[in-house]
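The values are calculated or read from the model by the stated rules, or taken from the named source; none is laboratory data. Everything numeric in this text was worked out from a predicted model, so none of it was measured. Glycine gets a Cβ as well: all are built from the backbone with ideal geometry, and neighbour counts include every protein chain shown. Note: areas computed on protein heavy atoms with side chains; ligands, DNA, RNA excluded. Shrake-Rupley method; radii C 1.70, N 1.55, O 1.52, S 1.80 Å.
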Amino acid sequence: MAWNEPGGNDKDPWSGKGKDQGPPDLDEVVKKLQDKMGGLFGGKKGGGGSSPFGGGGKGSGKLVIALVIVVVAVLAAIQSFYIVQPAERAVVQRLGAYHSVTTPGPHFLIPFIDKKTIINVDQVNKFGHRAQMLTKDENIVDVTLTVQYRVQDAADFLFQDADPVKTIYSAVESALREVTGKSTLDEIITENRSAVAAMVKQNTQKLLNTYKTGLVVTNVNIQDANPPEEVKEAFDDATRAMADKERVQNQADAYANDIVPRARGAAARQVEDAKADAFKVVSEAKGETKRFLALLEEYRKAPEVTRQRLYLDTMQEVLSETGKVMLDVKEGSNTLTYLPLDRIMNQPRLAPAGAVQLPGYESLEAESKTRKLEDAQRRRDEVQRDRDRARRNR
């Protein structure tokens, strides 16, 4: 039968108590726990009072103090150690004053006396800036640039400047106006934009170092630089003209690089040809001189024989190079023969098989060589001069 049915004696099978037994008193449970804790810390058991903290005597007071001390010790231990990441630096203040900057790794902190501030020194921040400024040549230019920076010195970043970010904005503005005022419009827009950006970076960093902001500028890039909208079209035309100028200049340089080496090569070839001709003429002249000296020596030994030989050689050379008309006149004939020598001498040279046959003569060959005649005459003159010179020397 069930324990709560009639005749079951109203007994709880789990607790073994009767039905009229109520739930345990909370005050009694707390009191027992207080007595046990008081015994652990040397207190007195069975202290009166209904409140666990209000009327427990000396034992309860010691317990509260011990609990507070334990909690404080745990919190102090947790707060005493901290870890700095590789990209961070920790600025430590002791009693509110700057103490040191800790590097990455675990570090110890005096609780409730030291205070740390973590600064990320590897994070690169970026901002943009746009302004209209007056250039050196009294033109207005609209410049848009981006600046990248990061924290270099954590202590200076926190304590030396009240607002380092605002300071870097002002420094960029001042440096940009200074550099723009010393540059022309063409330099900023087209010719020297990278150099202008480098000068802005350098001047900005000088100002940041002067104010000890602890910041370092990593990059300055001019995104756009344009004249005012009212004159932008004219400047675009000027820019295109400059591009055309550079293109034509490049084409001229390419043409010069092609034609100049070839001209130099042709000039060098002509110089070498002239040197070869000079060497040839000099060599021939030396050969003629040696031949003449050898002939002179032979002439001195046998003048008559040498003179006769020179005469025969010269006549052979002259007659072999001139046109000839051979006449076979019969004996006892008093007939005057007329020949058109001018026409015969001016006829073009014919092949030996096509020799002209005149009536009354066996053969006739006409040949006109003006240049060879001149050469033969020149040689005769030289031989005559040689003879006169030899005659004088004797």
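Per-structure values
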read-out	value
Hey, Tyr299 among the aromatic types (Phe, Trp, Tyr) and open to solvent by less than 80 Å² (accessible area, probe 1.4 Å) or not	yes
Meets criteria (under 19 Å from Glu178 (Cβ atoms) and open to solvent by less than 90 Å² (accessible area, probe 1.4 Å)) for Ala268	no
Residue satisfying all of: in the stretch 110-128; within 19 Å of Thr218 (Cβ to Cβ) and of a type in the set (A, V, I, L, M, F, W, C); nearest to the chain's Cα centre (by Cα) among these	Val124
Filtered residue count, the stretch 119-156, keeping only those that are polar (S, T, N, Q) and closer than 30 Å to Ala87 by Cα	6
Ala131, sole failed condition from (1) within 31 Å of the chain's Cα centre (by Cα); (2) within 19 Å of Leu215 (Cα to Cα); (3) open to solvent by less than 20 Å² (accessible area, probe 1.4 Å)	(2)
From the options Ala254, Ala238, residue that is of a type outside the set (Lys, Arg), at pLDDT below 90 and over 30 Å from Gln148 (Cβ atoms)	Ala238
Which numbered condition Asp142 misses (of (1) open to solvent by 30 Å² or more (accessible area, probe 1.4 Å); (2) under 30 Å from the mean Cα position of the chain (by Cα); (3) among the acidic types (Asp, Glu))	(1)
Odd one out for Asn257 among (1) closer than 30 Å to Phe127 by Cα; (2) part of a helix (DSSP H, G or I); (3) of a type outside the set (Gly, Ala, Ser); (4) open to solvent by 60 Å² or more (accessible area, probe 1.4 Å)	(1)
Odd one out for Glu138, checked against (1) closer than 17 Å to Thr213 by Cα; (2) among the acidic types (Asp, Glu); (3) without any contact (Cβ under 8 Å) to a residue 24 or more places away in the chain	(1)
Residue satisfying condition, being modelled with pLDDT of 85 or more and surrounded by fewer than 11 Cβ atoms within 10 Å (Cβ to Cβ), within set Ala97, Ala77	Ala97
Selected residue [among the small types (Gly, Ala, Ser), farther than 30 Å from Asp386 by Cα, touching a Ser or Thr at 6+ places or on another chain (Cβ under 8 Å) and open to solvent by less than 80 Å² (accessible area, probe 1.4 Å)] from Ala274, Ala263, Ala225, Ala238	Ala225
Some residue of the stretch 188-200 being under 15 Å from Ala171 (Cα atoms), open to solvent by 60 Å² or more (accessible area, probe 1.4 Å) and among the basic types (Lys, Arg)	no
Qualifying positions in the stretch 277-290 - open to solvent by 90 Å² or more (accessible area, probe 1.4 Å) and over 60 Å from the mean Cα position of the chain (by Cα)	Glu284, Lys286, Glu288, Lys290
Subset tally (residues that are open to solvent by 20 Å² or more (accessible area, probe 1.4 Å) and either of a type in the set (D, E, K, R) or closer than 15 Å to Val151 by Cβ (or both)) for the stretch 80-94	6
Condition met for Leu293 (at pLDDT below 90, open to solvent by 60 Å² or more (accessible area, probe 1.4 Å) and either out of contact with any His (no Cβ under 9 Å at 6 or more places or on another chain) or in a helix (DSSP H, G or I) (or both))	yes
